[in-house]
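Here is the structure we will look at.
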Amino acid sequence: WKQAKKQGFIRGAYHYYRPDENSLEQAQKFIHTVRLSKGDLPPVLDIEKLPENQSLDRLKLGLKRWLTAVEKQYGVKPIIYSADKYHQDFLRKEFHEYTFWIANYNFWIEEIKDDWQFWQFTEKAVIDGIPEKVDVNIYNGSPKMLEYSLMN
């Protein structure tokens, strides 16, 4: 984390959301753990699973509670990371005011969809110096736009 900053990399932190657990407790754990500074990505909420013990309405309420608490703490709207299908089925309409980071490894497209700020198109890239396969993403904008979207 520290070395990434020293080397000039854009860094960020995400929270893997657990649908059947208390959303505010999850937000507090993230806030307690993550220290963001100027030049970092805004906080990212990773939502990939449907709840087993609650309704979709309760899931969406929990997501909104997490997003609101984290935005209040950091002073910036979090990014929502999810799979394309999950985004289409459960998030796009009710969370349209948020930036989306979409994972879709099933196809290659020339133009990223307008509501995708980031597109994670593979989880199997090989990068010199990294022993494991890694995710690779495309940012939907210019370098200047990316700079404006970082923490101030």
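Remark: pairs (first residue in region 125-152, outside any strand (DSSP E or B); second residue of a type in the set (Gly, Ala, Ser) and open to solvent by less than 90 Å² (accessible area, probe 1.4 Å); Cβ separation under 7 Å; 6+ apart in sequence or on different chains) = LYS133/ALA125; LEU150/GLY39; MET151/SER37; MET151/GLY39.
For region 44-55, the condition holds for at least one residue, the condition being that it is within 18 Å of ILE10 (Cα to Cα) and either touching a Gly at 6+ places or on another chain (Cβ under 7 Å) or modelled with pLDDT under 95 (or both). So for region 83-98 (the condition being closer than 22 Å to LEU41 by Cα, polar (S, T, N, Q) and surrounded by 11 or more Cβ atoms within 10 Å (Cβ to Cβ)), does at least one residue qualify? No - not one qualifying residue is present in region 83-98.
Taking the criterion of being part of a loop (DSSP other than H, G, I, E, B) and at pLDDT 95 or above, the residues of region 69-92 that qualify are GLY75, VAL76, LYS77, PRO78. Taking residues in region 60-75 that are farther than 11 Å from GLN26 by Cβ, and partners anywhere that are assigned to a helix (DSSP H, G or I) and modelled with pLDDT of 95 or more, the pairs with Cβ atoms closer than 6 Å and at least 6 places apart or on different chains are GLN73/ILE31. Of the residues making up region 1-22, those that are farther than 19 Å from PHE118 by Cβ, modelled with pLDDT of 95 or more and of a type in the set (D, E, K, R) are ARG18, ASP20, GLU21. Close Cβ contacts (under 7 Å, 6 or more residues apart or on different chains) running from residues in region 1-16 that are over 30 Å from LYS49 (Cα atoms) to residues that are part of a loop (DSSP other than H, G, I, E, B) and modelled with pLDDT of 90 or more comprise LYS5/ARG11. If only residues of region 125-152 that are of a type in the set (D, E, K, R) and more than 19 Å from the chain's Cα centre (by Cα) are counted, the one that is farthest from ILE80 (Cα to Cα) is ASP128.
Among the residues of region 124-142, those identified as over 19 Å from PHE107 (Cβ atoms) and either open to solvent by less than 90 Å² (accessible area, probe 1.4 Å) or hydroxyl-bearing (Ser, Thr, Tyr) (or both) are ILE127, GLY129, ILE130, VAL134, GLY141, SER142.
For every residue, the table says whether it meets (1) surrounded by 12 or more Cβ atoms within 10 Å (Cβ to Cβ); (2) in a loop (DSSP other than H, G, I, E, B); (3) not charged (D, E, K, R).
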{"position": "GLN3", "(1), (2), (3)": "no, no, yes"}
{"position": "ILE10", "(1), (2), (3)": "yes, yes, yes"}
{"position": "HIS32", "(1), (2), (3)": "no, no, yes"}
{"position": "ARG35", "(1), (2), (3)": "no, yes, no"}
{"position": "LEU41", "(1), (2), (3)": "yes, yes, yes"}
{"position": "LEU50", "(1), (2), (3)": "yes, yes, yes"}
{"position": "ASN53", "(1), (2), (3)": "no, yes, yes"}
{"position": "ASP57", "(1), (2), (3)": "no, no, no"}
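Among the residues of region 17-41, which ones are more than 16 Å from LYS64 (Cα to Cα), touching a residue at least 40 places away in the same chain (Cβ under 8 Å) and of a type outside the set (Lys, Arg)? LEU36, SER37, GLY39, ASP40, LEU41 - these are the residues of region 17-41 that are more than 16 Å from LYS64 (Cα to Cα), touching a residue at least 40 places away in the same chain (Cβ under 8 Å) and of a type outside the set (Lys, Arg).
The values are calculated or read from the model by the stated rules, or taken from the named source; none is laboratory data. Treat the numbers as computed from the prediction; the structure is a model and nothing was measured. With ideal geometry, Cβ positions are generated from the backbone for all residues, glycine too; neighbour counts draw on all protein chains shown. Ligands, DNA and RNA are stripped out before the accessible areas are found, and what is left, the full protein with its side chains, is counted by its heavy atoms. Shrake-Rupley method; radii C 1.70, N 1.55, O 1.52, S 1.80 Å.
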